[in-house]
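Visitor: The structure's right below; bear with me while I get my questions together.
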Number of protein chains: 2
Amino acid sequence: MVEARTLSGFRDRLPRETLIKHDIIEKVVRVFRSFGFAPIETPHLEYADILVKQGSEEIQKELYRFRDHGDRDVALRFDQTIPLARFISQHRSDITLPFKRYAIGNVFRGERAQKGRYREFTQCDFDFIGSDSIGSDAEIVQVIKESLYALLIKDFTILLNNRKIINGFASYLGLGDKIEDILRVVDKIEKIGIDRVKEELSLLEIESGKIEKIIEFVSQKGIGAEFFKSIECYKDFSEESKQGIEELEFLCEILSSLEIDKRHYKIDFSIARGLGYYTGIVYETLLDKQKDIGSICSGGRYDNLTQNFSKEKTSGVGASIGIDRLIAALEDDIEQKETPAIVLIIVLQKEFIKECYRVGEKLRSFGINTEVFPEALKAKKQFAYANKKGHCYTMPVGESEIKNGIFTIKNMKNGEQQEVSSIEDIAKIIKK
Amino acid sequence: MVEARTLSGFRDRLPRETLIKHDIIEKVVRVFRSFGFAPIETPHLEYADILVKQGSEEIQKELYRFRDHGDRDVALRFDQTIPLARFISQHRSDITLPFKRYAIGNVFRGERAQKGRYREFTQCDFDFIGSDSIGSDAEIVQVIKESLYALLIKDFTILLNNRKIINGFASYLGLGDKIEDILRVVDKIEKIGIDRVKEELSLLEIESGKIEKIIEFVSQKGIGAEFFKSIECYKDFSEESKQGIEELEFLCEILSSLEIDKRHYKIDFSIARGLGYYTGIVYETLLDKQKDIGSICSGGRYDNLTQNFSKEKTSGVGASIGIDRLIAALEDDIEQKETPAIVLIIVLQKEFIKECYRVGEKLRSFGINTEVFPEALKAKKQFAYANKKGHCYTMPVGESEIKNGIFTIKNMKNGEQQEVSSIEDIAKIIKK
């Protein structure tokens, strides 16, 4: 006998949670597709050298890496972006740019196990490859907005920044060589606060005058003509900063023309997105009432996605929706059910089980998800089953129902019962 | 520079194929749900001892097994049935029986690479746990039928058998101890033919008289009252055979009462399903016009799914849809597209790109999947892009369209163009 258990940091999803997860995915996929993003799939397992070159040292430690049967050095993917870069390079002759793809799949990171952090988790990425147009960046914002609206989430803010502004500003301060470290520290400002950021910056041997300027820089937040006027000064520091601000201006122009509610997006110079490959506009999305959950959709523009695999330059922009964070955010508002069935047919006599199956078939033909209890257990037990699983209606079927053609359906939420003389009418009541 | 490549036996799915795959999954999921099957998810990675005990020796050789960071002996799942058994045992107190679940996920087998066989592939399983009722077996047949109908497949036959009949018959012949080997050989009858089956049976040291009887037995196929009369004799051989035939009779009674077309199911005593855990009725499904593809949905009843993990007995019945075989079967009939977008908006002037995005937004609000080309490239190039990707309509938008409010949409299949004066009317034309 083996003990039934999952690995530390891994977990099962039971029907209740999986139904919520799949519902979220279905809705965001509908949005992705409405913009012309197409699905692709890549393997969970890759040659290790595909994955590790671009990954940080930390990622290397966390990699599930081993030798396969053919003594190949292989590893489980830890994100879907490097596999996308590999995919684009490998199939370059089969795909047409611009290439818009989404991918929903699991990735693996052997992080230290901690609450709410898993070693296998689902990523939901969408990327727009092969276009330099700021229109594509605007579309990413549109997709985020429409996805959240589809999930009935209306209180959120998409925070925008541009790595070019940061880079330009750092060069101006003569700190261009420390930019990666500065970004890493600044990225933590929400978590650790301004004072600790100052401390950490001074550990990088940055003089205090410059630290003050960095802090002033990362404190810039706002939207609208006035805000853009107030950050006009940063354009003077370098050509790169100027270009970065102008790109944000044009992005906001497009968003404004699309009549996206202004409370949904805001420039925030503290948004850095630690990852090395971003080079342009970057995004984070916070739920206004649940900021502690963290960003539920982040991403940005990259200049050269495929640099490890090909000499051809491939730029693009993409983002990733945090499915698990969304589940956490929505869980309390969503009806808790363990079944996708609406109706449970209660089997009253064993001799009439065939008729029960027929009634179930008929209800299904009217588009009603219907489960037939598989045995003629005591009715009480079958009702209890429906209560536990979350069926909205129950409908006992036995000799008298079949002979008289009159069925009783019970609303399991309010206990109301109704006598109905045709299956079609039952379907109508349920669909109301 | 690293060469962009996938591991041998692994592959990417490009948009064209992924769109077909996801379309198939969406349709079968709708059917699963209509019967009350709920989704669950289990990890791709498990403790190796969870997976290998029940697996055959062959599976052990094919297992992707390694030591993780914590020196745990882990492996990638090679099916979804053993993880289901582990799941049921582990969450026994959180789930209510009967438990109907589906699971669509990838599994890994380090088989020798060969055409059409992959080391990572998708399984689409549905199981009905905790019910001994033949009604549940009937429901599996119903689900197979409805799934194929949902995919517009109408020429198929579900082959039915019962392991009890085979077991009883083997005992009667005094070959009960060789039953596993006999099943393994008989299972290959379609592939290798009767003569080679005879040969292989004689290698098992079965005398020729008994071999003849086995061949006669496995040649029984048919449906309806007459057929059941013709196999009546097998009831006399053993109590187990008798029970097995009676179960099939009752199953067919339910299917007949459900008015499932009789050409869709047939008893076939040669169907054995090699896998060790089946103990009752077993299924295979062949496409009448593409039998060479093999069974596209197989399964059966098992008496004790969780025997390796728990003393509690858990019976059930389940089947698995072969997604890749279905893709192969359907590929030629399905429109080949690389995008889920219906319309491509052709951007005529850079200065009007904001307006193009607005038109796209408007079309989407009418439920039309719309892609906006991200740059004002030459119109010819944008048309070529639509041709390549498979957009059904193109719609050039520039200064004159915006100023006059008159748009031209082009049907990309027949080349027809139409002038339309409102976005709403365009949506109507497309939806027609």
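Since every read-out is calculated from the coordinates, none of them should be taken as a lab result. Note that the structure is predicted; figures quoted are calculated from it, not measured. We place every Cβ from the backbone using ideal geometry, glycine too, and count neighbours over all the protein chains shown.
Visitor: Efficiency by 1/(1 + (r/R0)^6): what FRET value for residue B:195 and residue A:331, r their Cβ-Cβ distance, R0 = 60 Å, to the nearest 0.05?
Guide: Once the sixth-power term is evaluated, E becomes 0.45.
Visitor: Using a Förster distance of 25 angstrom, determine the FRET efficiency expected from the C-beta separation of residue B:365 and residue A:154, and round it to 0.05.
Guide: The pair residue B:365/residue A:154 has a calculated efficiency of 0.90.
Visitor: Here's another thing I want to ask about it. Fewest to most neighbouring Cβ within 10 Å: what's the order for B:71, A:125?
Guide: The order, fewest Cβ neighbours first, is B:71, A:125.
Visitor: A further question follows. At residue A:30, label 7 Å along Cα→Cβ: distances to the other copies, nm, ascending?
Guide: Its label point is 1.2 nm from the equivalent points in the other copies.
Visitor: 7 Å from Cα along Cα→Cβ at both residue A:263 and residue B:421: what's the point-to-point distance in nm?
Guide: Between residue A:263 and residue B:421, the label points sit 3.9 nm apart.
Visitor: List the residues whose amide H sits under 5 Å from the amide H of residue B:151, counting only those 5 or more places along or on another chain, with H placed 1.01 Å from N in the peptide plane.
Guide: When sequence neighbours closer than 5 places are left aside, there are no close amide H contacts.
Visitor: Separate question: For residue A:172, put the label point 7 Å out on the Cα→Cβ axis and report which residues of the stretch A:263-293 keep their amide N under 15 Å from it.
Guide: A:269-270
Visitor: Sequence gap at least 6, Cα distance under 8 Å: using those rules, report the relative contact order of chain A to the nearest whole percent.
Guide: 15
Visitor: Which of the GluC sites (Glu not before Pro) across the stretch A:2-62 are loop residues per DSSP, with 12 or fewer other Cβ within 10 Å?
Guide: Counting only loop positions with at most 12 other Cβ atoms within 10 Å, the GluC sites (Glu not before Pro) in the stretch A:2-62 are A:3.
Visitor: Say R0 is 45 Å: what FRET efficiency, to the nearest 0.05, do residue A:61 and residue A:303 get from their beta-carbon distance?
Guide: 0.95
Visitor: With labels modelled as points extended 7 Å from the Cα through the Cβ direction, what inter-label distance (nm, one decimal) is found for residue A:293 paired with residue B:115?
Guide: Result for the modelled spin labels: 5.0 nm.
Visitor: Within 10 Å of each candidate Cβ there may be at most 12 other Cβ atoms; applying that plus a DSSP loop requirement, which trypsin sites (Lys or Arg not before Pro) in the stretch A:290-328 survive?
Guide: Answer in residue order: A:311, A:313.
Visitor: Please work out which residue of chain A brings its Cβ closest to the axis of the rotation superposing A onto B, and round that distance to whole Å.
Guide: Residue of A nearest the axis onto B, distance in Å: A:66, 2.
Visitor: A further question on this structure: Of the GluC sites (Glu not before Pro) in the stretch B:360-432, which ones lie in a loop per DSSP and count no more than 13 other C-beta atoms within 10 Å?
Guide: Hits after loop and neighbour filter: B:416.
Visitor: In straight Cα distance, which lysines are under 21 Å from residue B:229, not counting same-chain residues fewer than 8 positions off?
Guide: Partners within reach: B:164, B:213, B:221, B:242, B:262, B:266.
Visitor: While we're here: Among A:281, A:233, A:408, which residue has its Cα positioned farthest towards the positive end of the charge dipole of chain A, with +1 placed on the Cβ of Lys and Arg, -1 on the Cβ of Asp and Glu, and the dipole taken about the Cα centre?
Guide: A:408
Visitor: If you average the C-alpha positions of the stretch A:266-303 and of the stretch A:392-418 separately, how far apart do those two centres end up, in angstrom?
Guide: After rounding, the separation between the Cα centres reads 53 Å.
Visitor: First check a/c for the stretch B:32-126, with a ≥ b ≥ c the square roots of the eigenvalues of its C-alpha gyration tensor; if it is under 1.5, answer rounded, and if not, answer prolate when a/b is larger than b/c or oblate otherwise.
Guide: oblate
Visitor: Something else now. Only bridges with both residues in the stretch B:343-431 count here: give the DSSP antiparallel percent, nearest 5.
Guide: Antiparallel bridges make up about 45 percent of those DSSP assigns within the stretch B:343-431.
Visitor: Also, I was wondering about something else. Charges only on Cβ, +1 for Lys and Arg, -1 for Asp and Glu: so what's the dipole of the stretch B:15-330 about the Cα centre, in debye to the nearest 20?
Guide: Here the stretch B:15-330 has a charge dipole of around 780 debye.
Visitor: If you don't mind, there's one more thing I want to ask. How many nm separate the modelled label positions at residue B:25 and residue B:236, each set 7 Å beyond the Cα in the direction of the Cβ?
Guide: 5.4
Visitor: At a threshold of 8 angstrom on Cα-Cα distance, excluding pairs fewer than six apart, so keeping six or more, what relative contact order does the stretch B:343-431 reach in percent?
Guide: 32
Visitor: Using the Cα centre of the protein assembly as shown as the reference point, and only Cβ charges (+1 on K/R, -1 on D/E), how large is the resulting charge dipole? Debye, rounded to the nearest 20.
Guide: So the dipole magnitude of the protein assembly as shown works out to roughly 660 debye.
Visitor: Under 11 Å from a point placed 7 Å out from the Cα of residue B:204 along the Cα-to-Cβ direction: which residues of the stretch B:145-182 have their backbone N that close?
Guide: B:167, B:170-171, B:175-182
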